[in-house]
Amino acid sequence: MNESDWDSLNALSTYINQWADRTFPRRRPSAALTKLVMEEIPELLTHRKEHGTEKIGEELADCFILLLDLAKIWKLSLPEAIRSKMIRNMS
């Protein structure tokens with residue numbers, strides 16, 4: 001993946017999904033949701049409480065990675081869902 005590809009949500013999503021397929025080939029939505037809700041979001045909240053927003057990006061990234069992977073597991077495009085939702089939000 002090229003450095004400029006990190007700015008494309010579609011390219012980033014594809015890259016993360018390929019990594020997840022190789023690393024966790026038998027993953028299930030329930031496991032990803034549990035990890036998100038029980039581990040990653042609490043880590044995000046704890047980090048913010050203890051450190052403010054300094055270096056909070058890694059915790060946000062963990063949550064986002066899981067959301068991108070869940071979208072792939074459920075066979076939908078998160079970038080397209082975000083675009084569609086933002087169009088609705090702006091109207």
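None of the figures in this text is laboratory data; all of them are computed from the coordinates on show. Small disclaimer: the values here were computed from a predicted structure and weren't measured.
Some values worked out for this structure:
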item: Estimated D of the chain in µm² per second, where Rh is the Kirkwood radius over Cα pairs and Stokes-Einstein applies at 25 °C, 0.890 mPa s; result: 170 µm²/s
item: Karplus 3J(HN,Hα) series, Hz, for the range 40-53 with 6.51 cos²θ - 1.76 cosθ + 1.60 (x for Gly, Pro); result: 6, 5, x, 4, 4, 5, 5, 4, 5, 5, 8, 10, x, 8
item: Gaussian network model of the chain, springs between alpha carbon atoms under 10 Å - residue of ALA71, ALA81, ALA20 with greatest fluctuation; result: ALA81
item: Helix-only mean residue ellipticity at 222 nm for the chain, each DSSP H run of n ≥ 4 adding -39500 (n - 2.57), per residue, nearest 500; result: -22000 deg cm²/dmol
item: Selected from PRO79, PRO25, PRO42 as most flexible by GNM, with the chain as the system and alpha-carbon contacts under 10 Å; result: PRO25
item: Segment GLU50-ARG28, extension gain: residue separation times 0.36 nm, minus the distance between their alpha carbons; result: 4.7 nm
item: Pairs of lysines in the chain (C-alpha under 23 Å apart; 8 or more residues apart or interchain); result: 6
